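Here is the structure we will look at, set down as C-alpha cells.
Nothing in this text is a laboratory measurement; each read-out follows from the coordinates by a stated rule. For clarity, every value in this text was computed on a predicted model and none was experimentally measured. Methodologically, a virtual Cβ is constructed for each residue, glycine included, from the backbone with ideal geometry; neighbour enumeration extends over all protein chains shown.
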C-alpha cells in the first residue's frame, strides 16, 4: 500500500494568462512594410505618416510597460521614432510629406526590431498601450 500524500504547504498563486501576438504580427508587418514601400516609390502623405506613427507608438508603449529582454530593441525603435519626428517637423513646416533615405532606413530598422519582438509580446500590453495613447489624444483635443 502506498502512504498518503503529504499536505501541500506552498501557497497557491495563479499566473496571469498571457495571450501571444500571432495574427497581429502579420497585420503590423503589412501596414508598416507597405507604407515604407510606398515611401520609397514616392507615395507618402500625412495619413500614412499617422498610420505608421500610431503603430510604432503602440508597440513602443507596450515595450515600455513590459521591457524586452533584448536591450538593443528600445534604442533602435526610439531611433525610428526620432526619424518620424524629423519627417513630422519637415512636413508641418513645408506641407510636403516625404521620407528621406536615411529616415527610411532608420524606420525600416525599427520595423525589423518590432517584428522580431512581437512574438514575445502580450496582446493585453499592446491593448493597454493603445488605450493610453487614445486617452492622451482625447485629452489633447479636449484641452484645445
Subject >> In nm, spacing of pseudo-spin labels at residue 54 and residue 116 (7 Å Cα→C-beta vector) >> reply: 2.8
Original post:
By how many nm would the segment from residue 47 to residue 85 grow when fully extended, if each residue of separation counts as 0.36 nm and the alpha-carbon distance is taken off?
Top reply: 12.2 nm
Original post:
Tell me, what is the percent relative contact order of segment 45-143, built from C-alpha pairs under 8 Å that lie six or more residues apart?
Top reply: 37
Subject >> 222 nm mean residue ellipticity, helices alone, for the chain (DSSP H n ≥ 4; -39,500 (n - 2.57); rounded to 500) >> reply: -23500 deg cm²/dmol
Original post:
How far apart, in nm, are the 7 Å Cα→Cβ label points at residue 17 and residue 102?
Top reply: 4.9
Original post:
What is the helix-to-structure angle for 123-143, meaning the angle in degrees between its Cα long axis and the longest Cα principal axis of the chain, kept from 0 to 90 and rounded to the nearest 10?
Top reply: 50
Subject >> Helix axis angle, 23-41 relative to the chain longest principal axis, alpha carbon, degrees >> reply: 20
**OP:** Please give the length that would be gained between residue 7 and residue 128 if that part of the chain were fully extended, namely 0.36 nm times their separation in residues minus their C-alpha to C-alpha distance (nm, one decimal).
**Re:** 39.6 nm
Subject >> Proportion of all alpha-carbon pairs of segment 45-143 beyond 18 Å (%) >> reply: 50
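Please arrange 103, 115 by counting, for each residue, the other beta carbons lying within 10 Å of its beta carbon, fewest first. Could you put the intermediate results ahead of the total?
Numbers: 103 19, 115 16.
Final ranking by Cβ density, sparse to dense: 115, 103.
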**OP:** Could you please state, rounded to a whole Å, how far the C-alpha centre of segment 90-128 is from the C-alpha centre of segment 67-89?
**Re:** 7
